Amino acid sequence: MTSDHGQTCTTPDGSTTSCTVSGLTNGTAYTFTVTATNGDGTGAASAASNSVTPIAVPDAPTGVSATAGNASAAVSWTAPSERGLAHHRVHGDQ
């Protein structure tokens, strides 16, 4: 399998029909083609796959503010616009 940016992976045998291409750049779109090889050589490449973009780490939240309460603080912020955010974590420092 080869990406349109040159990254490859090779399966261990002819019956394996998937592999993970690593070393991609987050935020960059990739398509992939697959070739089959036997003792006589390598066949033509497949049609290109759909385009995928590995997820990049999100930007920092902005507009962070805190309001003091009784032994507590209410913290708010504006989330970054990236898709795929799993959660936010608020850290308190003294």
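Computed from the coordinates by the stated procedures, all read-outs in this text should not be read as laboratory data. All values derive from a computational prediction rather than experimental measurement. Virtual Cβ from ideal backbone geometry, glycine too; neighbours counted across all protein chains shown.
Dipole magnitude of the chain about its Cα centre, charges +1 at Lys/Arg Cβ and -1 at Asp/Glu Cβ only, in debye to the nearest 20? Intermediate results must be reported in sequence, preceding the final value.
On the way: 2 positive and 6 negative charges, 52 e Å.
I would put it at about 260 debye.
Taking springs between alpha-carbon atoms closer than 10 angstrom, which of A71, A44, A79 fluctuates most in the Gaussian network model of the chain?
A71
What are the principal axis extents of the Cα atoms in the chain, in Å, biggest first?
77, 21, 17
I need to check one value: relative contact order of the chain, counting alpha carbon pairs closer than 8 Å and at least 6 residues apart, in percent.
That works out to 19 percent.
Give the Rg/Rh ratio for region 40-94, taking Rg as the radius of gyration of the Cα atoms and Rh as the Kirkwood radius, to two decimals.
Rounded to two decimals, Rg over Rh is 1.39.
Just want the answer: with Cβ charges of +1 for Lys and Arg and -1 for Asp and Glu, which residue in N38, A60, V75 is farthest toward the dipole's positive end in the chain?
Result: V75, furthest along the dipole toward the positive end.
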